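Visitor: Okay, handing you the structure first.
Each value in this text was obtained by applying a stated rule to the coordinates, not by laboratory testing. What you are looking at is a predicted structure, and each value in this text was computed from that prediction instead of being measured. Counting neighbours? That spans all protein chains shown, and the Cβs are built from the backbone with ideal geometry, glycine included.
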Amino acid sequence: MLNPSTVAAMARTGLPVTQRRVLFSVLVAVTTVMALGLAAVALSPGGFGVVDLVLLALYAIALPWLVIGFSISVIGFCVLQFARDPLAAIFPGAARIRGDEPIAAMTAILICIRNEAPERVIRNLSPLLTGLATAGVGGRFHVFVLSDTGDPALAAIEEERFGAFASAWQDRVAVTYRRRRTNTEFKAGNIRDFCRQWGADYEFALTLDADSFMTADAVLRLVRIMQDDPRLGIVQSLVVGLPSTSAFARLFQFGMRLGMRSYTIGSAWWQADCGPYWGHNALLRLAPFIAHCRLPDLPAGSVLGGHILSHDQIEAVLMRRAGYHVRVLPVEYQSWEENPAALLEFIRRDLRWCHGNLQYLHLLGLPGILPVSRYQLVFAILMFVGSPAWIGLLVAGTLAFAWYPPADLIRPDAGMAVLVLTLVMWLSPKLATFVNVLSRPAERRSFGGTPRFLASAACETVFSLLLAPIMWFGHTLFLARLPFTRTLGWSSQMRDDHAVPVGLACRALWPYTAVGVGSIAVLAATHPAAIPYALLLAAGLALSIPLAVISALPAVGAALVRYGVGRLPEETEAPAALRPLALAAMAAAPASPPAA
């Protein structure tokens, strides 16, 4: 593996983009060879037979997701710790912006909704519009609420509420509500319909989801960045989770806050002008978007055919193919979203992403796209294709250990080394930011002080180790059922905190539990010494039902808020921009000053 001091020196001094990409590729290749070599040594007792080859092949299929995440995190950590100016090293155009440049462009703000509560959308929009009006730039923006709601009763409520909202703002910021009767092509079709009707009237478009919240300062920063560089096609802000009283959401987004910081910085350092687009909280340059980013048609009779669900990354690839840059602004700056409040809701959203990303298999041969863009499509597929390999490792490993003595299958020393290495790679994005936060007193205080931060990290680590196998098993089930179910469709999300009844959790998660408990039971009856290896995957499956129920209990969420577990910086010192939202987690958070 590359010497960390070498990587740190590169982070400090900067490198041309081509050399950054070579460095990243070398880091991935070296780490992959080391991990596979160690796994081969671990499986070497008793010779190298068919069972060993199967286990090694499954590990090799699952490995790229771990290795790439680890390599990105190493780079992200070095940039965070050692770069003189991380933003200038990653996104020079953003670093040039002073913040007082005139707003000259006309920007459409697009909020795509489907069967959402209008009150929540209006709650999130109002502070943004107030900020734009206060800054004296309301006339440069036009809000479009683009509805795909299929429920006529809810549509009538939408029309009334958004009509009143538009009237209230008519002298300050223009607001237009439009509802399609059928949601052809889902969200991508909704935005495409806007482009046909109104796109020529605006230079930029800000895309927001129903659960998005951005401040006027954050939006104006994106506009100024794009005004400054006519080559920019998409600028994606770094989106973080809003404070929540749901135990599931608190732990999930605490982990995401840690993981996304190092991961986004590391990715942006080497991807540069081939950055990602996540479909919301981002600014688009409309002329090239309309001209070049129309989604291609997928084979009509294919299992993964139909309309593209995960439209965002394809649009980024097409924008880059057209010669425009796609950049991510890798700093946490007043750009938020809400996360699912319960495990079952999270699984439902994740499976929609799984389906959408697997559709990229049809698009890998798109002509004219850059190598980095092709890598992004492959990696998006690997995020989900690797899941059956993890479940295969659990099942095949359990059967192998039940049939053969452990001493004939795995060397204890090398086997434990593989387990530790896998855990380190698995958790590396969060570990990188964890160390960075601990090294900075102001950062520790923003998360509630060192004791709360350590407690939060410990709880989230256990939570994520349980959650990941559940998601992998869900992907595996989805892939197995896909030839028969064809599509998931697109439905609204339950965003408010809600309890999960035990019966509902049992009906949804009994296959998960059966595989997890079954694996542990087989090993307990045959070779208990192998259980520690299986628990990495089996524990989450075995505990999926209680995890779904307990993490949704209001009392558990209230206790986490009370003791500061999963606390975000917004709860320690509430930003003025979030106060109008009256978030329960911020109101309930302890007011005592945190220790460093």
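Visitor: If you average 1/r over every pair of different alpha-carbon atoms in segment 34-82 and take one over that average, what Kirkwood value in Å do you get? Mind showing how you got there, number by number?
Guide: Details: mean 1/r = 0.0804 Å⁻¹.
12.4 Å is the Kirkwood radius here.
Visitor: May I pose another question? Given a Förster distance of 30 angstrom, what is the FRET efficiency for ASP100 paired with ALA164, based on the Cβ-Cβ distance and rounded to 0.05?
Guide: The formula returns an efficiency of 0.30 here.
Visitor: Compare the Cα positions of VAL28, GLY449, SER387 along the charge dipole of the chain (+1 at Cβ of Lys, Arg; -1 at Cβ of Asp, Glu; about the Cα centre) and return the one farthest towards the positive end.
Guide: VAL28
Visitor: Taking every DSSP beta bridge with both residues inside the chain, roughly what % is antiparallel (nearest 5)? Show your work: numbers first, answer last.
Guide: Working: 10 of 38 bridges.
Percent antiparallel among DSSP bridges in the chain is about 25.
Visitor: Still on this model: What is the Cα convex hull volume of segment 377-422 when expressed per residue in Å³?
Guide: Dividing the Cα hull volume of segment 377-422 by its residues yields 78 Å³.
Visitor: If we count every other residue with Cβ under 15 angstrom of ALA108's Cβ, Lys/Arg +1 and Asp/Glu -1, where does the sum land?
Guide: Around ALA108, the surrounding residues sum to +2.
Visitor: Going by how many other beta carbons lie within 10 Å of each one, how would you line up HIS292, HIS475, HIS311, HIS142, fewest first?
Guide: Going from least to most buried by this count: HIS292, HIS142, HIS311, HIS475.
Visitor: To the nearest 20 Debye, how big is the dipole of segment 189-266 about its Cα centre, given +1 on the beta carbon of each Lys and Arg and -1 on that of each Asp and Glu?
Guide: 320 debye
Visitor: Measure out, as a whole number of angstrom, how far apart the alpha-carbon centroids of segment 259-299 and segment 522-591 sit.
Guide: One Cα centre to the other: 30 Å.
Visitor: Let me ask something else. Return THR207, THR18 ranked ascending by Cβ neighbour count within 10 Å, so the fewest neighbours appear first.
Guide: Taking fewest neighbouring Cβ atoms as first place, the list is THR18, THR207.
Visitor: How big, in percent, is the set of alpha carbon pairs in segment 157-212 lying more than 15 Å apart?
Guide: That fraction is 61 percent.
Visitor: Nearest 20 debye, what's the magnitude of the dipole of the chain about its Cα centre given +1 on Lys and Arg Cβ and -1 on Asp and Glu Cβ?
Guide: Once rounded to the nearest 20, the dipole reads 540 debye.
Visitor: How big is the gap, in Å, between the Cα center of segment 341-358 and the Cα center of segment 207-225?
Guide: Cα centroid to Cα centroid, the span is 25 Å.
Visitor: Which loop trypsin sites (Lys or Arg not before Pro) in segment 263-347, with loop taken from DSSP, have no more than 14 other Cβ atoms within 10 angstrom of their Cβ? Kindly include the intermediate steps, with their values, before the conclusion.
Guide: On the way: sites: ARG285, ARG294, ARG320, ARG321, ARG327; in loops: ARG294.
Here the trypsin sites (Lys or Arg not before Pro) that fit, given the DSSP loop and packing criteria, are ARG294.
Visitor: Are there trypsin sites (Lys or Arg not before Pro) in segment 213-252 that DSSP marks as loop and that have at most 16 other Cβ atoms within 10 Å, and which are they?
Guide: Those that pass, being in a loop and sparsely packed, are ARG231.
Visitor: Further question: Run the numbers on the chain and let me know its relative contact order in percent, using alpha-carbon pairs under 8 Å that are six or more apart.
Guide: Value for the chain: 20 percent.
Visitor: If we count every other residue with Cβ under 9 angstrom of ILE290's Cβ, Lys/Arg +1 and Asp/Glu -1, where does the sum land?
Guide: Residues close to ILE290 contribute a combined charge of +3.
Visitor: Next question. Give me Rg over Rh for segment 217-280, both radii from the alpha carbons and Rh done the Kirkwood way, two decimal places.
Guide: 1.05
Visitor: Further question on the same structure: TYR177's amide H: which non-local residues (gap 5+, or another chain) put their own amide H closer than 5 Å, with H modeled 1.01 Å from N in plane and none for Pro or chain starts?
Guide: VAL145
Visitor: Here's a follow-up. Could you list the square roots of 5 times each eigenvalue of the Cα gyration tensor of the chain, that is, the equivalent ellipsoid semi-axes, sorted largest first and rounded to whole Å? Display every interim value, and only then the final one.
Guide: Numbers: eigenvalues 307, 147, 133 Å².
That gives 39, 27, 26 Å for the three semi-axes.
Visitor: Something else now. Per-residue ellipticity at 222 nm for the chain, helices alone: DSSP H runs ≥ 4 residues times -39500 (n - 2.57), over residue total, nearest 500 deg cm²/dmol?
Guide: Helix contribution divided over all residues of the chain: -20500 deg cm²/dmol.
Visitor: For Cα pairs less than 8 Å apart in space and 6+ apart in sequence, what is the mean separation divided by the residue count of segment 341-489, i.e. the relative contact order in percent?
Guide: For segment 341-489, the relative contact order is 41 percent.
Visitor: May I pose another question? Using the Cα atoms as the points, what is the convex hull volume per residue of segment 229-383 in Å³?
Guide: About 116 Å³ per residue, rounded to a whole number.
Visitor: Tally Lys/Arg at +1 and Asp/Glu at -1 over every other residue whose Cβ is under 9 Å from the Cβ of PHE186; what's the total?
Guide: Around PHE186, the surrounding residues sum to 0.
Visitor: Let me know the whole percent of all Cα-Cα pairs from segment 434-552 that are separated by more than 24 Å.
Guide: Of the Cα pairs, 47 percent sit more than 24 Å apart.
Visitor: Here is a follow-up. State to the nearest 20 debye the size of the charge dipole of segment 384-496 about its Cα centre, where the only charges are +1 on K and R beta carbons and -1 on D and E beta carbons. Please report the intermediate quantities before stating the final value.
Guide: Numbers: 9 positive and 5 negative charges, 81 e Å.
Computed about the Cα centre, the dipole is about 380 debye.
Visitor: Next question, about the same structure. Output needed: percent of Cα pairs per 10 Å distance bin for segment 125-267, bins running from 0 to the one holding the longest distance.
Guide: So the P(r) values, bin by bin, are 9, 31, 36, 22, 2.
Visitor: Here is a further query. Find, among the trypsin sites (Lys or Arg not before Pro) in segment 67-149, those assigned to loop by DSSP (not H, G, I, E, B) with at most 14 other beta-carbon atoms within 10 angstrom.
Guide: Sites meeting the loop and neighbour criteria: ARG84, ARG98.
Visitor: Can I ask one more? Using the Cα centre of segment 1-145 as origin and beta-carbon charges of +1 (Lys, Arg) and -1 (Asp, Glu), tell me which of GLY136, ALA83, ALA108 is placed farthest towards the positive end of the dipole.
Guide: GLY136
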